[in-house]
Amino acid sequence: MTSNGSSLRTADVEPDELMEPGQARPPEIPSTKPQAIVPPAPSAAPAKPGLSVRLEKLRAFYGDSEQVKGVDLDFRANEVTAIIGPSGCGKSTMVRCINRMHEEIPGARAEGRVLLDDFDVYDSSVDVVAVRRAIGMVFQKPNPFPTMSIFDNVASGLRLSSRRGGDLRSQVEAALRSAGLWEEVSGRLEEPGAGLSGGQQQRLCIARSLAVNPEVILMDEPCSALDPIATLKIEELIAELKQSVTIVIVTHNMQQAARVADRTAFMLSGELVEVGPTQEIFTTPSDSRTEEYVTGKFG
Amino acid sequence: MSTSGSETERLARFNVSPRRRRKDRIARGAILGATVLALIPLLLIVYYLLIKGLGSWSPSFFTTDPTGNTFFKSSSIGGIKSAILGTIEIVALASAISVPIGVAVAVWLVEYGKGSWFAQLVRFFVDVLTGVPSIVFGLFIYIVLIVGTGSSFAGYKGSLALALLMLPVVIRSAEVILMLVPDALRESALALGAPRWRVIFSIVLPTALPGMVTGVLLAIARAAGETAPLLFTAATTKNTNFNLGQFMNSLPVQIYNDVTSPTTAVVNRAWGAALTLVVMILLLNLIARLIARRSRLA
């Protein structure tokens, strides 16, 4: 299943960039078998790798109040890193700095560096829009676009960012398959996205961010509005997705961090207390505050 | 059993006291009374419009221009064709001017200006404009475009006066609706790598569309019924006219002129015209709502 999902993504999105401009696709009826249309790309790797993200002295402010106080943190490529910590400790704010969504809030600003691979997303020459295409985001509450169908929701990222080249239908299918939603919605793609259940809506939102083919996906408490079964599905999905993307997940739920994350970072009052392999953070943390938090003494 | 007495007492505290019951009845009565009171004039207006207006409706009422004769039989005074077409033309141009500008101002206020001092200033002036009596807009256009340029009345000058009148209504209603669009939608679109203008055109405006249609309709309905801004801008004429650069008839001005006539048949034509105006706005409302519903998926 996993390799199938990722090979689909590779097969039908990647080669668009490799194609010559004049080499237009034959105007055939959108097929349900993307592999049949896409010419084989000789140099394509079996799975498109995610990129690492490194925070250097990252500070984030709302007006004069400093919410993230100089964090240095590595998110390794193709790993799931969970960020835990009590409410208001700056987890979400820090994550929103990575794709520069933090600055969308009036009066908010960030300092320091966020390196995507070797590339500072806060560099003055950087196009914010390009950063956000490379670093997708899934929010706390499922929020499909209410005026759009299931299909249009998934296609929205491609359409909104004017990257329409290629077969939209197969790209949408690939994204829905990667998000584990294809089987459930393939027969009703034209129905409104808001008509799905909460868990399906959240997977629709994941499909929507996958469709633009990002290297990193930020998840800001993606399961906090979902029931346990929908949560389980998302967690299984996260485990599959890390084959092709780097995942950063903010969570209030320590069991969730323990289940899905390769590495876990613990934050407190805007500072990074500790980061390490999940197993270590939960069993043999080096900082007493981490131990107190993961054993439920506070938070 | 000795407990039955205390049992009744124990339950008595759950009974509604007569005092509370009385208060409740009075309050409900007062609210219902106010509702009925407000309905009376509304029903009377509709009743008189139908009784008096329907009497003058006939096929020729809609297909002939007013003749200008007032001292002859009702058959010779003519209909209101030029007034209907004039109103449609003037209001259509006024909407074509005020709706795009108004929506643009609202988008700027909500998406870009937000709480800045300039946005606050714009909001203040929009509020002031909302309260300006309609005749002032007419007077303004009259002084600037007719006295000021030494030219004569014209349909498009009426449209401009109406557009000024509609503008604050469109801005305010569109702004309120745009603010209702959840920020989460803007954020998730931005996070997909959509440029801001795309987010506005593809996500924010379609989501807000049904609500904005209502606001625009309110503005159109208000403008379509205005007499004062048209009296000395578009003036009036008898003939049907498709050139907005010429004098132009309109329903409110026709009603205004007819009502002051001593001839019963002409006064009745005013009622017929009034009913026509109401029906036109009603139809527009229906059509726009159908379009807005179709454009929305949910």
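The values are calculated or read from the model by the stated rules, or taken from the named source; none is laboratory data. In this text, all values refer to a predicted model and were calculated from it rather than measured experimentally. With ideal geometry, Cβ positions are generated from the backbone for all residues, glycine too; neighbour counts draw on all protein chains shown.
Kindly check whether there is at least one residue in the range B:134-144 that is in contact (Cβ under 8 Å) with a residue 60 or more places away in the chain, of a type outside the set (Phe, Trp, Tyr) and touching a Pro at 6+ places or on another chain (Cβ under 6 Å). Yes, some residue in the range B:134-144 is in contact (Cβ under 8 Å) with a residue 60 or more places away in the chain, of a type outside the set (Phe, Trp, Tyr) and touching a Pro at 6+ places or on another chain (Cβ under 6 Å). For A:CYS223, the conditions (1) part of a loop (DSSP other than H, G, I, E, B); (2) within 14 Å of chain B (Cβ to nearest Cβ) all hold with the exception of (2). Can you tell me which residues in the range B:274-298 are closer than 15 Å to B:VAL91 by Cβ and either within 14 Å of chain A (Cβ to nearest Cβ) or touching a residue at least 60 places away in the same chain (Cβ under 8 Å) (or both)? Across the range B:274-298, the qualifying residues are B:THR276, B:LEU277, B:VAL278, B:MET280, B:ILE281, B:LEU284, B:ASN285, B:ALA288. Scan the range A:171-205 for residues that are away from every other protein chain (no Cβ under 14 Å) and of a type in the set (S, T, N, Q) and jot them down. The answer is A:SER178, A:SER186, A:SER197, A:GLN200. Inside the range B:188-227, can you point out the residues that are in contact with a Phe, Trp or Tyr (Cβ under 7 Å, 6 or more places away or on another chain) and within 9 Å of chain A (Cβ to nearest Cβ)? Of everything in the range B:188-227, those that are in contact with a Phe, Trp or Tyr (Cβ under 7 Å, 6 or more places away or on another chain) and within 9 Å of chain A (Cβ to nearest Cβ) turn out to be B:SER188, B:ILE203.
Does B:ASN239 satisfy being under 26 Å from the mean Cα position of the chain (by Cα) and more than 14 Å from chain A (Cβ to nearest Cβ)?
The answer is no for B:ASN239.
Here the range A:136-151 is the region considered, the condition is being more than 9 Å from chain B (Cβ to nearest Cβ) and more than 25 Å from A:ARG96 (Cβ to Cβ), and the residue that is surrounded by the most Cβ atoms within 10 Å (Cβ to Cβ) is A:ILE150. Counting only residues that are at the interface with another protein chain (Cβ under 7 Å from one of its Cβ atoms) and hydrophobic (A, V, I, L, M, F, W, C), how many does the range B:173-187 have? So the count comes out to 2. Given the structure, is A:ARG133 within 11 Å of chain B (Cβ to nearest Cβ) and assigned to a helix (DSSP H, G or I)? In short, yes. Under the condition of being farther than 10 Å from B:THR233 by Cβ and surrounded by 16 or more Cβ atoms within 10 Å (Cβ to Cβ), the residues counted in the range B:137-166 number 4.
When residues in the range A:90-111 are screened for being among the hydrophobic types (A, V, I, L, M, F, W, C), touching a Leu at 6+ places or on another chain (Cβ under 9 Å) and either surrounded by 23 or more Cβ atoms within 10 Å (Cβ to Cβ) or within 14 Å of chain B (Cβ to nearest Cβ) (or both), 5 of them pass.
Among the residues of this structure, A:VAL114 counts as one that is away from chain B (no Cβ under 14 Å), modelled with pLDDT of 90 or more and touching a strand residue (DSSP E or B) at 6+ places or on another chain (Cβ under 7 Å). Being in contact (Cβ under 8 Å) with a residue 60 or more places away in the chain and at positive phi holds for only one residue in B:ALA235, B:ALA265, and it is B:ALA235.
If only residues of the range A:194-243 that are crowded, with 24+ Cβ neighbours inside 10 Å and polar (S, T, N, Q) are counted, the one that is farthest from A:VAL129 (Cα to Cα) is A:GLN202.
Let me confirm something: among B:SER151, B:SER202, B:SER188, which residue is in contact with a Cys (Cβ under 9 Å, 6 or more places away or on another chain) and either more than 28 Å from B:PHE140 (Cβ to Cβ) or not in a helix (DSSP H, G or I) (or both)?
Exactly one residue qualifies, and that residue is B:SER188.
When restricted to residues that are within 17 Å of the chain's Cα centre (by Cα) and either in a helix (DSSP H, G or I) or under 15 Å from A:GLU236 (Cα atoms) (or both), the range A:249-261 contains 5.
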